[in-house]
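Novice: First the structure, then my questions, so here it is.
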Amino acid sequence: MSSASPPILPISNSQTVSAATVAGSVQSQPPIATPAVRSLINNLSESLRNGLSQRRPWAELVDRSSFSKPESFSDAALRIRKNYSYFRVNYLAVVALVLAFSLVTNPFSLLLLSGLLASWVFLYLFRPSDSPLVVFGRNYSDRETLGILVVLSIVVVFLTSVGSVIISALLSGVAVVCIHGAFRAPEDLFLDEPEPAATGFLSFLGNAASNASAAAPAVGTRV
């Protein structure tokens, strides 16, 4: 007498379905702007290196034998123009160092400014255009997000210590540059050598702006 064969159990494909569902949900998620951020950082660092490579020797900037009292106010102004034309990158680096020192010595202002910049970068510039901002269950359009960030920037810059710290640091840096340029005799500088159209940090700022516009999503399409 033959034994009865065991019943065939149905095979569940729930794992297959769940895996397909997870894969579909992952594919449906909006793209993250991490490559754009990485590209922008790489372009900024490259432009910064190119700008700093055009600086003059610091020993030439602080050569004590080249300092003398200007004969008049017009002579001081002429010295400042010539020295700025020659030490442009060094002067801008000095102003940047003064600004950085002022922010470091004011940690509250540094924290507010860092938070404001991070809000602009992650909530607007590099946020996918098809992914609305959701806060406490409410969706905010790009126009509303832009308006909130503009108001937040005005509040942080003008109603806190951030604006006064930045302005005082810039004025202090410009004062240091003007004093050095007025007392540094430019007679030993090779001012007749040809220079590129845009050098130093000026070209760095231009390249940074173009790189930011190329890496970030188009702002005009958001508004």
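The values are calculated or read from the model by the stated rules, or taken from the named source; none is laboratory data. Just so it is clear, the model here is predicted, and its values are computed rather than measured. With ideal geometry, Cβ positions are generated from the backbone for all residues, glycine too; neighbour counts draw on all protein chains shown. Accessible surface is based on the protein model in full, side chains and every heavy atom, while ligands, DNA and RNA are left aside. Shrake-Rupley method; radii C 1.70, N 1.55, O 1.52, S 1.80 Å.
Novice: Counting only residues that are touching a helix residue (DSSP H, G or I) at 6+ places or on another chain (Cβ under 9 Å) and without any contact (Cβ under 8 Å) to a residue 24 or more places away in the chain, how many does the range 61-72 have?
Specialist: 1
Novice: Same structure, new question: Can you confirm whether Leu146 is within 27 Å of Pro107 (Cα to Cα), at pLDDT below 90 and crowded, with 17+ Cβ neighbours inside 10 Å?
Specialist: yes
Novice: Hey, among the residues in the range 28-64 that are in a helix (DSSP H, G or I) and among the basic types (Lys, Arg), which one's modelled with the lowest pLDDT?
Specialist: Among them, the one singled out is Arg38.
Novice: Which of the residues that make up the range 149-188 are among the aliphatic types (A, V, I, L, M), under 18 Å from Leu116 (Cα atoms), under 22 Å from the mean Cα position of the chain (by Cα) and open to solvent by 40 Å² or more (accessible area, probe 1.4 Å)?
Specialist: Val150, Val151, Leu152, Ile154, Val155, Val157, Ile166, Ile167
Novice: Which one of the conditions (1) among the basic types (Lys, Arg); (2) at pLDDT 90 or above; (3) open to solvent by 70 Å² or more (accessible area, probe 1.4 Å); (4) part of a helix (DSSP H, G or I) does Lys69 fail to meet, given that it meets all the rest?
Specialist: Against the list (1) among the basic types (Lys, Arg); (2) at pLDDT 90 or above; (3) open to solvent by 70 Å² or more (accessible area, probe 1.4 Å); (4) part of a helix (DSSP H, G or I), Lys69 comes up short only on (4).
Novice: With the range 90-184 as the region, which helices (runs of 4 or more DSSP H) entirely inside it contain at least 1 residues that are out of contact with any helix residue (DSSP H, G or I) (no Cβ under 8 Å at 6 or more places or on another chain) and within 30 Å of Pro57 (Cα to Cα)?
Specialist: Counting at least 1 such residues, we get 161-183.
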